[in-house]
1. Looking only at other chains, what is the average number of their beta-carbon atoms within 10 angstrom of each beta-carbon in B:72-79?
2. Set the Förster distance to 35 Å, then compute FRET efficiency between A:Arg85 and B:Ser62 from the Cβ-Cβ distance, nearest 0.05.
3. Which number do you get for Rg(Cα) / (2.2 N^0.38 Å) in the stretch B:1-60?
4. Would you report the distance distribution of C-alpha pairs in the stretch A:16-110 as whole percents per 5 angstrom bin, up to the bin with the largest distance?
5. So which of A:Lys93/A:Lys166; B:Lys11/B:Lys51; A:Lys105/B:Lys51 end up more than 29 Å apart, counting from Cα to Cα?
6. Got the relative contact order for chain B handy, in percent, Cα pairs under 8 Å and 6 or more residues apart?
7. Mind grabbing the base-10 log of I(q)/I(0) for the stretch A:128-230 at q = 0.15, 0.18, 0.24 Å⁻¹? Debye formula, identical points on the C-alpha positions, no solvent, two decimal places.
8. State to the nearest 20 debye the size of the charge dipole of the stretch A:128-230 about its Cα centre, where the only charges are +1 on K and R beta carbons and -1 on D and E beta carbons.
Amino acid sequence: MLLPFIFSRKLVLFLAVPNLSDPLPRDEASLVRALQDGDETVFSAVMDQYSGSLLRLAMAYVPSRAVAEEVVQETWIGVLEGIGRFEGRSSFKTWVFRILTNRAKTRGTRERRYEPFGLAGVDSEKDEGSSLEDSLFVAEGSGSGHWVDPPQGWEADTPERALLSKECRIAIEEAINGLPDNQRQVITLRDVEGVSAEEVCNILTISETNQRVLLHRARTKVRRVLDPYVRGGNS
Amino acid sequence: MGFMAGNFTCKEVAALITEYLEGSLTLTQRIRFQMHLGLCFACRNYLRQMKYTVATLRQLPSEPVPTQVREALLERFRSWKHEQSSPNSSSDS
């Protein structure tokens, strides 16, 4: 019985930390203090918790995964450099993600990938997200504003079931990758990573209204891509 | 028109779905939205599809961070900690 414990550092960690699923301190002040004190267990747990999300967000700014990984590394180094001065004006999570977006923007601009929000304005009438939605409805006549092809019920029971199809997962990932940068950043944080609307506005420094418009356009496109996979008989 | 103009079209409902899900519709808008849904099977399906889309996105597997990136950062953390604990010691090691 003891052998697995000897070979698994994770299990030893499990025994040492009372809260088995989460070695992070519950309150943010303790978390920040632990990092300032150089607690490696906490640093390691924070990294494990956020790095995947940071990487995914970084990929919305820079042209390659390799560069995105570098941005994530630079972000954590930025965290170490700044943690001593962290005053809690924003949440720790928002602060970390803001470090990432600043570094990713710099790298993205250098690699000619990133366009600031102002240039790819959310109110642009030419945005394909709004015209995609328009195309779903009858434009003129007595049926104006009605569905051209009324949505049917989707067959798959749960999201997990839809994702069982590798093909479908790749299609969703490609749909996200193909979104305009600002839509991709918002949907990545909100829907893929489950960050709250308020935090997303703080991280990306956008208004609530812009956040909703971008999210709506992004979701509309992803829904369309998902449709054929869950419409029936394909799952 | 008058009273009937108070009813949203399907297109208006679709355009407001995210605001509905975000809880940012005004009370009047929400009532009009829900009245439309009560009568329109297609829009109910569309709302369900949008919720499903969000739930599916949430289920995407997390982006794996390479072990070497993690290890390099832990190394960096240790040297940072060392510098913190001995700020006056030589930093050329």
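1. Mean partner shielding for this stretch: 5.
2. Once rounded, the FRET efficiency stands at 0.70.
3. Against the empirical 2.2 N^0.38 Å value, I get 1.20 for the stretch B:1-60.
4. Going from the shortest bin to the longest, the percentages are 2, 14, 24, 23, 16, 12, 6, 2, 0, 0.
5. Table pairs above 29 Å Cα-Cα are A:Lys93/A:Lys166; A:Lys105/B:Lys51.
6. Numbers: 25 pairs, mean separation 21.7, N = 93.
Averaging sequence separation for qualifying contacts and normalising by length gives 23 percent for chain B.
7. -0.73, -0.96, -1.23
8. 80 debye
Quick note: the coordinates plus some simple rules give every number you see, no bench work behind them. All values reported here derive from a predicted model rather than from experimental measurement. As a convention, Cβ positions derive from the backbone with ideal geometry for all residues, glycine included, and neighbour counts pool all protein chains shown.
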